[in-house]
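Engineer: Please see the structure below; I have some questions.
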Amino acid sequence: MDEFKKFAGQAGTFFNRAKQYTEEKIGNAEKTELDAHFENLLQRADRTRIWSEKIVTRIEAILQPNPNVRLEDYVNVKLDRQPRSRENNLDFLAQALLEGGNELGPGTQYGAALIKCGDTQRKMAQFEHEFVQTSYTNIVVPLRKFLEEDMKTIQKERKSLEVKRLDLDASKGKLRRAKAMEAQRNVNIEEVIRSAEAELRVAQTDFDRQYEITKLLLEGITTAHSSHLERLKEFIEAQQSYYSQCNQLCSDLQRQMGNFPGSLGGILPPNSSTPSAGSMPSKESQPQGDRKKAKALYDYDASDPSELSLLADEVIQVYSPPGIDSDWMMGVRGTQEGKVPFAYLEML
């Protein structure tokens, strides 16, 4: 019987709320209005939620352009699984460049250029991995946590406040109807009025308490904004560092590519002048048998006894004997002599 009474009471309360809500919508019932400051807090909370969702979604799209992969990572996070590490497009490009350079021959101009570009792309890929990881940690995870924890708590308390308001207005309506009945019918229903007044006092107390709780949570949005600002600064710093590192790598690569003869020699840093014929002569300009000095640009390991190994920055003598392949020269270091790849040399 007690359970039945409890159920009947809950059903009656729910019916009163539904009735109050319906009558408010059709204009037949008064509604307790919240003050202007509180309404502004509600609007600011809604705007914060909407734009936080949009911002974190756009950042995730930058960090991982593939929507299917983003969804997979999101599910893994929800299941407390670590998102698996994946190669990015720069990784794949670096692999293709390195494999192509080794296949075509690191001793050739084009092969050496491919390998050098591949090394740079591989480093850029690593920088991208670090940028993505840092950005997820610094801004995506905190914003997601704010939306899934703080904002959900605020939404829950707002719904509770709306329920308390409906109860309060329903109690006010009940008391008004009791007083109107007593006045119209000239009957004494003091007991009914006292009961309605007591119910109204309880409803008002519950509403006031929930109002203060919700207000405190809404005012906390200001603190959340300050936290989000710091996270945004960290994201921009990570972005600036990533692009700065990539720019430095590309600038270094551009200068190195300028040392390659032929068509690759046109790849020079902006506003740089083309090397003079005296500083960067083509191989064909060297008289056969006329020895010149050259500096090794990179380390080179001889693949057979006919070749000469090189150490980066060492200076040797070189010449072009008749019939040698256009990609090679003869190098001389003391009593040692052998073929060296022309792409590895800077003529002095």
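Engineer: If you place +1 on the Cβ of every Lys and Arg, -1 on the Cβ of every Asp and Glu, and leave all else neutral, what size is the dipole of the stretch 15-250 about its Cα centre, to the nearest 20 Debye?
Structural biologist: 660 debye
Engineer: Shifting gears a bit: Provide the gained length on full extension for the span residue 240 to residue 87, in nm with one decimal, where the gain is 0.36 nm per separating residue minus the Cα-Cα distance.
Structural biologist: This chain segment gains 52.9 nm when fully extended.
Engineer: If you filter the stretch 293-348 for GluC sites (Glu not before Pro), then keep DSSP loop positions with at most 16 other Cβ within 10 Å, what is left?
Structural biologist: Listed in order of number, the matching sites are 314.
Engineer: With θ taken as phi - 60° and the coefficients 6.51, -1.76 and 1.60, list the Karplus ³J(HN,Hα) couplings across the stretch 54-61 in order, rounded to whole Hz; mark glycine and proline as x.
Structural biologist: So the Karplus estimates, Gly and Pro as x, are 5, 5, 5, 5, 5, 5, 4, 5 Hz.
Engineer: Would you please give the residues with an amide H less than 5 Å from that of residue 307, counting only those at least 5 places away or on a separate chain, with H modeled from the backbone geometry?
Structural biologist: So residue 307 has HN proximity to 339.
Engineer: Rounded, prolate or oblate, given the Cα gyration tensor of the stretch 15-250, with a/c below 1.5 counting as rounded?
Structural biologist: It comes out prolate by the Cα gyration axes.
Engineer: What list of ³J(HN,Hα) values in whole Hz, one per residue of the stretch 92-108 in order, does the Karplus curve 6.51 cos²θ - 1.76 cosθ + 1.60 (θ = phi - 60°) give from phi, with Gly and Pro shown as x?
Structural biologist: Along the stretch 92-108, the couplings run 5, 5, 4, 4, 5, 5, 5, 5, x, x, 5, 5, 7, x, x, x, 8 Hz.
Engineer: Sticking with this one: Are there GluC sites (Glu not before Pro) in the stretch 53-154 that DSSP puts in a loop and that have at most 14 other Cβ atoms within 10 Å, and which ones?
Structural biologist: 87
Engineer: Using amide H atoms built 1.01 Å from N in the peptide plane, name the residues 5+ places from residue 328, or on other chains, whose amide H lies under 5 Å from its own.
Structural biologist: Correct list: 342.
Engineer: Further, regarding this structure: Can you work out ³J(HN,Hα) from phi for every residue in the stretch 224-240, in order, using Karplus 6.51 cos²θ - 1.76 cosθ + 1.60 and θ = phi - 60°, giving whole Hz and x for Gly and Pro?
Structural biologist: My calculation for the stretch 224-240 gives 4, 4, 4, 5, 5, 5, 5, 5, 5, 4, 5, 5, 5, 5, 5, 5, 5 Hz in order.
Every number here is computed from the coordinates shown, using simple stated rules; none is lab data. Everything numeric in this text was worked out from a predicted model, so none of it was measured. Here Cβ is always computed from backbone atoms with ideal geometry, including for glycine, and neighbour counts include all displayed protein chains.
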